[in-house]
1. Report the longest stretch of the chain that contains none of the trypsin sites (Lys or Arg not before Pro) sitting in a DSSP loop with at most 13 other Cβ atoms within 10 Å.
2. Quick one: compute the contact order of region 300-368, relative version, from alpha carbon pairs under 8 angstrom and 6+ residues apart, as a percent.
3. Using only Cα atoms, tell me the angle between helix 231-246 and the longest principal axis of the chain; keep it within 0 to 90° and round to the nearest 10.
4. Taking the Cα centre of each part, how many Å lie between region 49-87 and region 165-206?
5. Shape call for region 182-248 from the C-alpha gyration tensor, a ≥ b ≥ c root eigenvalues: rounded (a/c under 1.5), prolate (a/b greater than b/c) or oblate?
6. From the Cα gyration tensor of region 112-153, with a ≥ b ≥ c the square roots of its eigenvalues, which class applies: rounded if a/c is under 1.5, or else prolate if a/b is larger than b/c, or else oblate?
7. Of the heavy-atom accessible surface of the chain (probe 1.4 angstrom), what whole percent is carbon and sulfur?
8. Please label the shape of region 63-118 as rounded, prolate or oblate, based on the square roots a ≥ b ≥ c of the eigenvalues of the alpha-carbon gyration tensor (a/c under 1.5 means rounded; beyond that, a/b larger than b/c means prolate, else oblate).
Amino acid sequence: MLIRRAFDICVKKQHVFKSVVSSPHSTLSPLNLEGGGGAILKSLSTNVYENLAVEDWIHDNIDLQGKNILFLWRNSSAVVIGRHQNPWQECNLKLMREHGIQLARRRSGGGTVYHDMGNINMTFFTNKKKYDRMKNLNMITKSLNKLRPQMDVRPTERLDLLLNGHFKVSGTAAKLGRTNAYHHCTLLCNSDRALLSSVLKSPCQGLKSNATPSVPSPVKNLLEEDPTLDCGIIMDSIVTEYTKQYGLDHHIILIEPKDEATLPGISKMTQDLQTWEWVFGKTPKFSVSTSFKLGYKLSSAMVTLNIAVKNGTIDSCNIKLPQHWLPSEMCEHLASHLIGNKFCPSETTRLTSALLRTCPQSEELHHKWNILCENVASVM
Ligand SMILES: Nc1ncnc2c1ncn2[C@@H]1O[C@H](COP(=O)(O)OC(=O)CCCC[C@@H]2CCSS2)[C@@H](O)[C@H]1O
């Protein structure tokens, strides 16, 4: 609200106002919005949900008529999927859990990207009429060109930035609201490229869906091209270029996304972005049809699994195994209990552990059923 109030003042009076965001650098510095209001904001947080919530907050709360706002942010390791994507199809969720890599669904469309502290995110907020992604990308390339004239970074028709005409260093997405809009993009400076490619490979077999697929590209870091660069130098040069383009001063407003007094309602926005219902539940309906081998002592059998998922929840489930290996009633029992549950390994394990306790049978059947349950959960 304070930022909004500040902008309102500036729109009315069109002059300098005191920045109100609580930060050591900005509390008392005046923010000059003469010559077409604008501002540069930088997040103090490296939490992907908090930073995405700042985007939501600005989009929903600030009248962007006549204003250009650049928001700069970086995250600790995270995978960010597009609004209409399927996380099971896009990434290796198990590997992410093992590495503590967060999964976030953003409100803009497009594909899946990997973030870490070696990746800079930029969000360009404008009024919908002023929304111009190529202009923003040209601004970035211009700033890089000034920094390192020999470095060849150019935008493509699909609004990626390519290094040496081949390696993607930036991906773009956008959200167009009723009157406000934003274009956001990444910039790979010094990310963990090995982790990037391993987490963006899904192990999921036999998945069918209409969700937006990502468009994988060879990627490279700017620092691999020029190790004398770093994220700070690159961000500074982007800030310089942006201030020049919009006639702003070099003042940066530091944003603390936890500061409910400055950004009223932000905590709820952050929470919403973290819910299972948003991250997984918004996945367009899909199905998984797969088969795999199960082994117990010397006997083995092929299991066929067909699962349909709606809103992230199992809508139908069919498990087929040879009768001699496991009685079909037991497969049906498991399948029917899975319906209505989240397509989620921890929830499935909780359910199957409870079922297992009520499943007397022989020790052998007990073991086989357990093996089946573990394998079904590992598909999720
Ligand atoms: N951080 C990053 N930067 C550039 N390219 C990446 C990155 N991570 C992965 N990739 C490559 O892009 C493709 C996906 O390309 P695709 O074109 O499908 O998707 C995108 O580019 C989406 C960009 C979203 C930008 C937002 C800005 C703030 S929040 S996220 C992926 O398979 C990798 O090959």
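1. 1-157
2. Relative contact order comes out at 25 percent.
3. For 231-246 against the chain, the angle is about 50 degrees.
4. 13 Å
5. oblate
6. It comes out oblate by the Cα gyration axes.
7. Exposed carbon and sulfur together represent 52 percent of the surface.
8. Verdict is oblate for region 63-118.
The values are calculated or read from the model by the stated rules, or taken from the named source; none is laboratory data. Fair warning: this is a prediction, and the values are worked out from it, not measured in the lab. FYI the Cβ positions are ideal-geometry reconstructions off the backbone, even for glycines, and counts take in every protein chain you see. Ligands, DNA and RNA are excluded from the accessible area calculation, which covers all protein heavy atoms including side chains. Shrake-Rupley method; radii C 1.70, N 1.55, O 1.52, S 1.80 Å.
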